[in-house]
Amino acid sequence: MDLDTFYVSVERRINPELKERPLLVGGTSDRGVVAACSYETRGYGIHSGMSMKMAKELCPEATVIRGNAGTYSKHSDEVTEIIKEAVPVFEKSSIDEFYADLSGMDRFFGTYQYATELRQKIIKETGLPISFGLSVNKVVSKVATNEAKPNNQLRINFGEEKPFLAPLSVKKIPMVGDKTYQTLRNLGIRQVKTIQEMPPDVMQQVLGANGAVIWKRANGIDHTPVIPFCDRKSISTERTFDRDTIDVVKLKGILMAMTENLAYQLRRGNKLTACIAVKIRYSDFNTYSKQQRIPYTSADHMLIPKIMELFTSLYNKRMLVRLVGIRFSHLVSGNYQINLFDDTEEALRLYQAMDRVRNRFGDRSVFRASAMGAKTIGRMHNPFNGQPPVVLAHRKQ
């Protein structure tokens, strides 16, 4: 199952006025890249991974949105919960792609009917378009899903894998990138059918070990299991600057905003962290990081001072900074409690109030005044009809 143009679909759910308009999601600076693009832009030759500068030149009328990782994670989690309740085993291979093992369910339901009902439930409850391919294995299902798009479904019956794959371009085989595709084209191989008719050892001679794997996939052979989904053990975020900087106030403001945002993600997912890390990449591309174990917490005012300590110990004032990032790891399930704070019940009520605002209006709707300069860690969804977001003045204890 694959959520169609996921980032674009989420933006359109948030703002219905963007429907049927060309839309680009990604970094908005000249250094930025396209993370996702609507189908309306693809006729211009735009694709994900392209530089945003080139994409805007190809389609000047496209609406460009920076995007917000926290918002996309929240919508992905909604879909994940629906799938988790509906199927015995599933794998979440990315933020918008899932494999579900329905083996044995045909004894009680028709698997195609069951998958259809699950897809309709996801569309109805989340408002997001999703496609699926149903087959005997993961590779054929993935190819079938891509053929079913946009917002559709396709079943490949047992024994029909090879005929289904045969007329397709070799580029549609998972694992065939641009370089491998060009190699195959140079050999006169364009369709999957040609690979199916070749001896496997010939493919291996041309492409090495990958050639044998590609031959199997072209023939619809794949024994890769569905890996049961489990919650991730770390969360992280980072920011690459449009221009390298030595502005310490700016760097600290961005790190503070990042910490606030990730701490909120922890609390929303009922998680606590016991290890934090800061990363700095300088203008010469040398990258340094430092981590520290801490008591389990998800509280901003416990995490921010520790992050600042790590940054201070890493930062070289004589060099321009290209990128900063933070990571929380050693995650465990648990709610933050008063006895985890070096503070009063007032602090607990404050976090609960802030999180209620964020849950309703977006994760950047309320933040510390000292993080004001860091709006660009994500697109700000402002629900106040032109009114400014809530800002908390930073008061030293």
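The values are calculated or read from the model by the stated rules, or taken from the named source; none is laboratory data. This structure is a prediction, so every number in the text was calculated from the model and none was measured. When we count neighbours, we look across all protein chains shown, and the Cβ atoms used for this are built from the backbone with ideal geometry, even at glycine.
Worth a mention:
- Taken over the stretch 171-195, residues that are under 19 Å from residue 47 (Cα atoms) and either touching a strand residue (DSSP E or B) at 6+ places or on another chain (Cβ under 8 Å) or of a type in the set (A, V, I, L, M) (or both) amount to 3.
- Scope the stretch 35-54; condition at pLDDT below 90, surrounded by 15 or more Cβ atoms within 10 Å (Cβ to Cβ) and within 16 Å of residue 6 (Cβ to Cβ); matching residues: 35, 48
- Contact map, the stretch 51-66: residues that are free of Cβ contacts under 8 Å to residues at least 24 places away in the same chain paired with residues that are in a loop (DSSP other than H, G, I, E, B), Cβ distance under 7 Å, separation 6+ or inter-chain. Pairs shown: 53/30; 58/44; 58/45; 58/46.
- The one condition in (1) surrounded by fewer than 20 Cβ atoms within 10 Å (Cβ to Cβ); (2) closer than 22 Å to residue 19 by Cα; (3) modelled with pLDDT of 95 or more that residue 150 fails to fulfil: (3)
- Any hit, the stretch 300-310, residues being in the same structural domain as residue 246 (by TED's automatic domain parsing) and assigned to a strand (DSSP E or B): no
- Selected residue [of a type in the set (Val, Ile, Thr), assigned to a strand (DSSP E or B) and farther than 13 Å from residue 68 by Cβ] from 34, 25: 34
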